[in-house]
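The values are calculated or read from the model by the stated rules, or taken from the named source; none is laboratory data. Because the structure is predicted, anything quoted here is derived from the model rather than measured. Methodologically, a virtual Cβ is constructed for each residue, glycine included, from the backbone with ideal geometry; neighbour enumeration extends over all protein chains shown.
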Amino acid sequence: MSDTKHSKVLIIGSGPAGYTAAVYASRAMLEPVLVQGIQPGGQLTITTEVENWPGDTEVQGPDLMIRMEAHARAVGTEIVSDHIASLDLSRRPFTAKGDGGTTYTADAVILATGAQARWLGLPSEEKFKGFGVSACATCDGFFYRGQEVVVIGGGNTAVEEALFLTNFASKVTLIHRRDELRAEKILQHRLFNNPKVELLWNHTVEEVTGTESPLGVEAVRARHVATGAITEIPCKGFFVAIGHAPASELVKDQLELHHGGYVVTKPGTTATSILGVFAAGDLTDHVYRQAVTSAGMGCMAALEAERFLAEQQAAATATANAAE
């Protein structure tokens, strides 16, 4: 027999957006329930040094998320270790079903499910996932101590992954399909001045090669975007850092989406195309994608949910009074 848990506000996701929404909703006495998902703390739990969180010159990503969770609990948020498998937004109260068997109902929903690593989509990449192919240097970098690795990408994620891997690997080759990086200038400066890093411009990866028994990566084959010439780069680890895709599977057929799956919100708000449903953080943000902007949107979502619920209560009271 499954349990049913009702709340005024159900928060789905536990990154900076979700935890901040929880703090503000709790302070508004809305008694929110937050479902953490399969990666409590979100992407920051697989990040090392965070140097752009206001108030901390440097903080470890996992430590920051532990503090956020503790803050949300301290102000009264009920935090549940579960993963939402389905969500029905067709009528209120909204209904979500968790993998653990619990059914969650809520008068308002704040979506803060974040984003997930994007992959190249190569058959050989899929073959070697977990056996030399990874999308998380902080998770797997330790395994490549003293070995050569390859990173593909050109944004902040790729540069941060490459720099982190220099702590372990003997050599890090960064492959990018253009002739300049998109990463922040300070990160580029560190990368260009690191003697362990080599850059391969204007190339894409077309195949990962390796051994069958045991399964393991031996090299990647890169193709020049203009000439088609192939370069084979020996390596034991291949890290894909080409960005992230919004985790919008729960709502892809219910809410308005754009830019490859990001949830559309009304300008200047976190309100979605369904009244009473709000979205915050990387799920909606295809421009900034920063922890601090996610937290800001989490704050907005909670305040907007509070206002929505107050309006619903006022309308219900007015209807009841009119019927007397």
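Test Ala183 against the stated conditions and say whether it is surrounded by 20 or more Cβ atoms within 10 Å (Cβ to Cβ) and in contact with a helix residue (DSSP H, G or I) (Cβ under 6 Å, 6 or more places away or on another chain).
Against the criterion (surrounded by 20 or more Cβ atoms within 10 Å (Cβ to Cβ) and in contact with a helix residue (DSSP H, G or I) (Cβ under 6 Å, 6 or more places away or on another chain)), Ala183 qualifies.
Taking region 145-164 only, how many residues are surrounded by fewer than 22 Cβ atoms within 10 Å (Cβ to Cβ), more than 22 Å from the chain's Cα centre (by Cα) and not polar (S, T, N, Q)?
The number of residues fulfilling the criteria is 3.
Only one of Glu58, Glu31 is of a type in the set (Asp, Glu), closer than 16 Å to Ala305 by Cβ and either in contact (Cβ under 8 Å) with a residue 12 or more places away in the chain or surrounded by fewer than 21 Cβ atoms within 10 Å (Cβ to Cβ) (or both). Can you tell me which?
Of the residues listed, the single one that is of a type in the set (Asp, Glu), closer than 16 Å to Ala305 by Cβ and either in contact (Cβ under 8 Å) with a residue 12 or more places away in the chain or surrounded by fewer than 21 Cβ atoms within 10 Å (Cβ to Cβ) (or both) is Glu31.
Please verify whether Met1 is at pLDDT below 95 and surrounded by fewer than 22 Cβ atoms within 10 Å (Cβ to Cβ), treating the condition exactly as stated.
yes
So, of the residues in region 190-225 that are at pLDDT 95 or above and among the small types (Gly, Ala, Ser), which turns out to be nearest to Ser134 (Cα to Cα)?
The extreme case among them is Gly216.
Filter region 27-45 down to the residues that are outside any loop (DSSP other than H, G, I, E, B) and touching a strand residue (DSSP E or B) at 6+ places or on another chain (Cβ under 9 Å), then identify the one that is farthest from Asp82 (Cα to Cα).
So, considering only residues that are outside any loop (DSSP other than H, G, I, E, B) and touching a strand residue (DSSP E or B) at 6+ places or on another chain (Cβ under 9 Å), the one farthest from Asp82 (Cα to Cα) is Leu44.
For region 193-249, which residues satisfy the criterion of being assigned to a strand (DSSP E or B) and either of a type in the set (S, T, N, Q) or closer than 30 Å to Ile12 by Cβ (or both)?
Answer for region 193-249, where residues must be assigned to a strand (DSSP E or B) and either of a type in the set (S, T, N, Q) or closer than 30 Å to Ile12 by Cβ (or both): Thr204, Thr209, Thr211, Thr231, Phe239, Val240, His244, Ala245, Pro246.
Which ones in region 126-142 are surrounded by fewer than 18 Cβ atoms within 10 Å (Cβ to Cβ) and over 19 Å from the mean Cα position of the chain (by Cα)?
Scanning region 126-142 gives Glu126, Lys127, Lys129, Gly130, Phe131, Phe142.
Filter region 278-293 for residues that are over 15 Å from Gln116 (Cα atoms) and either in a helix (DSSP H, G or I) or at pLDDT below 95 (or both) and give the result.
Result: Val287, Tyr288, Val292, Thr293.
Of all residues in region 116-151, which are assigned to a strand (DSSP E or B) and within 16 Å of Glu218 (Cα to Cα)?
Of everything in region 116-151, those that are assigned to a strand (DSSP E or B) and within 16 Å of Glu218 (Cα to Cα) turn out to be Lys129, Val133, Ser134, Glu148, Val149, Val150, Val151.
Those residues that are within 20 Å of the chain's Cα centre (by Cα), on the phi < 0 side of the Ramachandran plot and of a type in the set (Gly, Ala, Ser), I need them from region 104-125; list them, please.
Listed by number, the residues that qualify are Ala112, Ala115, Ala117.
Would you pick out the residues in region 68-119 that are among the aliphatic types (A, V, I, L, M), over 18 Å from Met29 (Cα atoms) and free of Cβ contacts under 8 Å to residues at least 24 places away in the same chain?
Once the filter is applied, which keeps residues that are among the aliphatic types (A, V, I, L, M), over 18 Å from Met29 (Cα atoms) and free of Cβ contacts under 8 Å to residues at least 24 places away in the same chain, region 68-119 yields only Ala85.
When region 161-199 is examined, which residues are found to be of a type in the set (Lys, Arg) and over 24 Å from Tyr144 (Cα atoms)?
Result: Arg177, Arg178, Arg182, Lys185.
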